[in-house]
Every structure is written in C-alpha cells, then in structure tokens.
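Undergrad: Once you've had a glance at the structure underneath, I'll fire off some questions.
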There are 2 protein chains.
Amino acid sequence: MKLSDGPRTGSRGNSRDNSKASQKPKPAAGERRLGDFLCFAIYSANLAFGRAYKKGLDELGLTYPQWIAIVALWEQDGQTVSELGEKMFLESNTLTPILKKLEQMAYLRRQRDPSDERQVRISLTEAGRRLREKGMHMNLVASTGLKPDEFARLQENVVTLRDNLIRATAEKAE
Amino acid sequence: MKLSDGPRTGSRGNSRDNSKASQKPKPAAGERRLGDFLCFAIYSANLAFGRAYKKGLDELGLTYPQWIAIVALWEQDGQTVSELGEKMFLESNTLTPILKKLEQMAYLRRQRDPSDERQVRISLTEAGRRLREKGMHMNLVASTGLKPDEFARLQENVVTLRDNLIRATAEKAE
DNA sequence: CCCATATATATCGCATCCGATTAAATCGGA
DNA sequence: TCCGATTTAATCGGATGCGATATATATGGG
C-alpha cells in the first residue's frame, strides 16, 4: 500500500513562481508538494463545492448530504437504506441519522418492509418532492469556470477515478 | 444562486442502460440524475480516496487531515495556523483540534510567536519528519487507473475547478 | 495613555463519516 | 424443526468541517 498519488518524483514546475527567487524556504529537493497530490485536489475541491452550495442549501434548510439523499430518492422512491447507500456511497451508520433527521423534518417516511422486516424503505413525502423542485432551477455550472466539453470530460474522469479507487480498494482487502 | 452543477437539462444518455427496458421506475422526464452532478462525482471520489488511503494511514496512526498537515509542514516549517489553513483550505476552528492532537502525539510543536502573541507557529518534531518519510514511498497512482497524461490533466482541471469555485463564492458574498 | 477596532486563535454545537459492535429478522442445513 | 450463520439497520465513539462566538493580543486615533 502506497500513500502518495502525486505523479512527480523529481523537480517540480511551478509556473507562478519562476520570475523571482521564492521568498519561502525551499522544501527538500525531490519532495512532492501538497499541490501535486490528486487526492488533495479532490479533497479541497470537495470543500470548495460544499462552500459554494452552502448559501443555496441554507435557503432550503438542508445540508449537502441531506440534499443528495432527496435527489437520489427523487430518482427512485421507496429504496431501502442499503440501496440508497449504494448510490450515495454511504452505509447505514452514516445514512440512518441523516434519514431520521429528514423524517423529522417531514420530507420523507421510513417504514419497515412488511415482506422483510430487516429492511427499511424510504419514501419522499409531498413536501420532500416540492423540495427537489425548489432546488432544481439552481446551478453552479458557471462558477466552475469550465467549458461544456471540459466539464463533461472532467465529470467522466472523476467518476472513472472514483470507480477505479473503489475497485482497487476492494481487491486489496482480499 | 443556483444549486445544480449538472450540464444536462433534457434527456440523458445512459450508455449502460439502453439494451433493455430499465427495471427501475423511470424518474420524471427531464430530471438530472445524481450521476450527472459534478459535485457528487467530486464528493464520492473524495470518499473513495479516503477509504483507499485508510489502510496506509492506519499503519502510520494518522487520519487524512493529520497527514495533510504533516505534508504541508514538511513543505514549509514554522507556519502560523492561518498560513497552514490557507494551504489546507481550512480555518482555525477545524485546524486547532487537529494540531493539538498532533502535538499530543509529539509530531509537532505549537508555540506563540514572541513578536506577535496572537499567532501560533507550528513546527515539526523529529518524529514528525520521520513520519513524512515513512509515508513518502507509498502511492495510489496505480489504483486511480489513469494514464499519466490523463492523471496530470485531471489534476489540473480539478485544481482549476476548485479555484474557480472559491473565487465565484467569494465574489457572490460581495 | 485610553479605548475602540481589528486580527489571530480557540471554543462550542451540530452534522457528517467511519470502524466496531449490537439487535432483530431471515435463511439454511442437519 | 432447530439453531447457527447471514443480512440489514441502528448505535456508539472518535475525528473532522464549519458557523457563531469568545478570548487575547495588536493597532491606531485622540
């Protein structure tokens, strides 16, 4: 198991810092900088997305994972906790508190499946569906500053990256 | 403020689902699926990275943000909490507990700057530097399943995305 | 010098994430 | 049928993120 996902092992090119001597102490030669790690780019982009969405979500009175759950349930209503978890890449330990909160807000219902009492099926209420509509006409595409083709390719590459990571992690766990 | 970052507003092309009738109930026509949101791709890729790194980080006895802090301090030692926060895209409310934990583990020192007692300067201990070396020869590049050129372009695009989002969010906040 | 303002951290409460464990229901082989 | 293994949620504790607030220090105008 290796911990770096930065491709560079030798000297780095920093296009913003080559006109004058750096004022910062140089890191040890050959070291990867934080900016070279793809994982950190994803990590920080995720923070940035969360902050960009914050204002709009506050107007809906939702958090980001709550919103994702509403979108996933809009796509297909009546999913079990596990099914919803597969789509959101989360498990019941994380999902259950979120769903309980949304139930408490009257945006969805949680009920045991009569045919298998182990499962809990989640269905949106009318208020939950209205919530989806309220958030639907909002978008951040412009804020990404990406052209449509860049946007689409980036999206595909990130999804590929995610799926490859998940597969590789599962394989290494035997 | 718009809340969707999915580019498609009309019908979707789902290349995996066009050979036979979908078994799932169709979502309302014109709806964006979760998979069309770039924010969700980033969100879930971040979860995937966290899980992929987990095993390696456990061996070091660190969490992901703790590791990031070590890397950032290795780059430049003696940073203030704010400076470190700029690089990690975090503020003192999040950073202080992490740094206190790392101090308690004896990987760094936190000391008030004598010339300005408001600031706290963070410096790695010898154990902290050894930690960086222990993690350095590990990498996840193979697990990403991306070719080097794809990897590099993806990294650049994600960084651009992040920086554009941050700028746009700051502008909208007046 | 005095005090209002600004700056840099820290604290607090809430909401995720996640590993480990628990509890309940189902399944399956003897 | 019976009982151990499996499956599905839920619970618990620890560690982030983050808005709001608090505290301590520094700064500047009168």
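The values are calculated or read from the model by the stated rules, or taken from the named source; none is laboratory data. This structure is a prediction, so every number in the text was calculated from the model and none was measured. Methodologically, a virtual Cβ is constructed for each residue, glycine included, from the backbone with ideal geometry; neighbour enumeration extends over all protein chains shown. For the accessible areas, the whole protein counts, side chains as well, though only heavy atoms, and no ligand, DNA or RNA atoms are used. Shrake-Rupley method; radii C 1.70, N 1.55, O 1.52, S 1.80 Å.
Undergrad: Given the conditions (1) at pLDDT 55 or above; (2) at the interface with chain B (Cβ under 7 Å from one of its Cβ atoms), report the number of the one that A:PRO27 does not fulfil.
TA: Answer for A:PRO27: the failing condition is (1).
Undergrad: Take the stretch B:89-123 and flag every residue that is of a type in the set (A, V, I, L, M, F, W, C) and more than 12 Å from chain A (Cβ to nearest Cβ).
TA: First, pick out the residues of the stretch B:89-123 that are of a type in the set (A, V, I, L, M, F, W, C): B:89-90, B:95, B:98-99, B:102, B:105-106, B:108, B:120, B:122.
Those that are of a type in the set (A, V, I, L, M, F, W, C) and more than 12 Å from chain A (Cβ to nearest Cβ): B:LEU95, B:ILE98, B:LEU99, B:LEU102, B:MET105, B:ALA106, B:LEU108, B:VAL120, B:ILE122.
Undergrad: State yes or no: is A:GLU91 under 17 Å from the mean Cα position of the chain (by Cα) and within 13 Å of DNA strand C (Cβ to nearest atom)?
TA: On the way: under 17 Å from the mean Cα position of the chain (by Cα): yes; within 13 Å of DNA strand C (Cβ to nearest atom): yes.
Taking the combined requirement at face value, the residue satisfies it.
Undergrad: Would you mind finding the one in B:ALA142, B:ALA168, B:ALA106 that is closer than 18 Å to B:PHE49 by Cα and away from DNA strand C (no atom under 15 Å from the Cβ)?
TA: B:ALA142
Undergrad: How many residues are within 13 Å of DNA strand D (Cβ to nearest atom) and either among the basic types (Lys, Arg) or over 14 Å from A:ALA72 (Cα atoms) (or both) if we restrict to the stretch A:115-126?
TA: 7
Undergrad: Pairs needed: first member in the stretch A:89-101, in the same structural domain as A:GLY61 (by TED's automatic domain parsing) and within 7 Å of DNA strand D (Cβ to nearest atom); second member anywhere, open to solvent by 70 Å² or more (accessible area, probe 1.4 Å) and assigned to a helix (DSSP H, G or I); C-beta distance under 7 Å; at least 6 residues apart or different chains.
TA: none
For (1) hydrophobic (A, V, I, L, M, F, W, C); (2) in contact with a Ser or Thr (Cβ under 8 Å, 6 or more places away or on another chain); (3) modelled with pLDDT under 95, each residue gets a yes or a no:
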position: B:ASP17; (1), (2), (3): no, no, yes
position: B:ARG32; (1), (2), (3): no, yes, yes
position: B:PHE37; (1), (2), (3): yes, yes, yes
position: B:PHE40; (1), (2), (3): yes, no, no
position: B:ASN46; (1), (2), (3): no, no, no
position: B:THR63; (1), (2), (3): no, no, no
position: B:VAL71; (1), (2), (3): yes, no, no
position: B:VAL81; (1), (2), (3): yes, yes, no
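Undergrad: Spot the failing condition for B:LEU62; the list is (1) more than 16 Å from DNA strand C (Cβ to nearest atom); (2) open to solvent by less than 20 Å² (accessible area, probe 1.4 Å); (3) within 13 Å of chain A (Cβ to nearest Cβ), and only one is missed.
TA: (1)
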